[in-house]
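To keep things clear, I will list the structure first and then write my remarks on it.
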Amino acid sequence: MARLIGTLGSSPGAGTPGVPTSVSASAGNGQATVSWTNPTYTGKGGTVTYRVVSSPGGFQATTTSSSVVVTGLSNGTAYTFTVRAETSYGINGSYSSASSGVTPQVPFTATGGTEYTSGGYKYHKFTSSGTFTVSAGSKTVEYIVIGGGASGGGHFRDSANEYASGGGGAGGLNYGSGSVSSGNYSVTIGAGGGGSPGAYGTTGSNSTFNSLTGNGGGRGAWAYDFAGQAGGSGGGGAAGGEDGAISYRTTAAGGAGGGGLTNAGGAGSAANGRGSQAGGGGGGAGSAGSAASGSNGGNGGNGSNAYATWASATSSGANSGYFAGGGGGSGGAAGTGGLGGGVSGNSANAVANTGSGGNSGNRPSSGSTTGGNGGSGIVIVRYTV
């Protein structure tokens, strides 16, 4: 116990110290720091000591200052504290009003992924599957889970037929929060869909964390399956096509989003005959894909920048904090991928770990081309520090 010479001032009564005020406490690991405002005292000489007492437990600490650490507390138990002034003459003041309750806790410790600290938060970024491990304590964490983006479809053309293709839809972008405690939490990062020559796109794979799933984006359409597939934040863009053997032209709407932020892919175009077919853009987390315009492919829908702070803190996302943009459709002029990992150019691959859709294959003079790959997913976990 610390006993030092205190400063003496004026008191409300003859030789009796006043009551400490503004008592507050902050919890630590098995302890609490208690602070207050000292009263004045006008006694003649002597020392003034301040005694702090916990409730429950009656744990005590003394000091001549205006703050002291009370030790021996039980983690997980809520405590309040009172303070009184005591003189070396044995004349003691009254106890103060109790502080607000605080609960000591074991410090929260977690590992996994690439770790960052920014703006009062600790972030864990997972760009590949792994484990978020809590080794001590418990805490409420927030997390975003983004599924893999789909690939765009390929583009086919010969002397009689042409099949344009739609851009890939973005992976689902979902937010969650919840309490975690000691243990291992699996993280799965969904792969982006892979393109195939002159064929449908491929749906992205799901990402998961703590029972939250970001669905893979819907694949871009091709040939007789003219409508894009549903999935993730956005559906795949639709195809436009003309089959000379059976003399028909067709177009269709894009696929709907399948979960989270759900935006459809754009419609294809088949209005102008062979050599002019075009596919719609894939849906993004922020907006739907646009329809093909004449012989030009539709643009992918923009992703979402709702988590731009997370992106900045972890050096992730694209286009200044966007995730999950849709892929552009194929045509004479290819559609541009949406903000958030979508890119420009025929057959272009989406940016990895953004959940964005890949662009459709470019229009060949003859033969087939391959759609661009979708961007893989990502999981980010954060909590206050």
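In this structure, is residue 96 touching a residue at least 24 places away in the same chain (Cβ under 8 Å), within 30 Å of residue 285 (Cβ to Cβ) and assigned to a loop (DSSP other than H, G, I, E, B)?
So residue 96 fails the test.
Can you confirm whether residue 355 is modelled with pLDDT under 90 and closer than 17 Å to residue 192 by Cα? Here the answer is no, as residue 355 does not meet what is asked.
Per the listing 330, 356, 365, the residue uniquely assigned to a loop (DSSP other than H, G, I, E, B) and over 17 Å from residue 219 (Cα atoms) is 365. One residue alone among 321, 258, 286 is at pLDDT 85 or above and surrounded by fewer than 24 Cβ atoms within 10 Å (Cβ to Cβ), and that residue is 321. The criterion of at least 1 residues that are in contact with an Asp or Glu (Cβ under 6 Å, 6 or more places away or on another chain) and at pLDDT 80 or above is met, among strands (runs of 3 or more DSSP E) falling completely within region 129-228, by 173-180. Cβ-Cβ contacts under 9 Å between residues 6 or more apart (or on different chains), taken from a first residue in region 134-157 that is touching a residue at least 60 places away in the same chain (Cβ under 8 Å) to a second residue that is basic (Lys, Arg) and assigned to a loop (DSSP other than H, G, I, E, B), are listed as 150/219; 151/219; 152/219; 153/219; 155/363; 157/274; 157/363.
The values are calculated or read from the model by the stated rules, or taken from the named source; none is laboratory data. None of these values were measured; they are calculated from a predicted model. With ideal geometry, Cβ positions are generated from the backbone for all residues, glycine too; neighbour counts draw on all protein chains shown.
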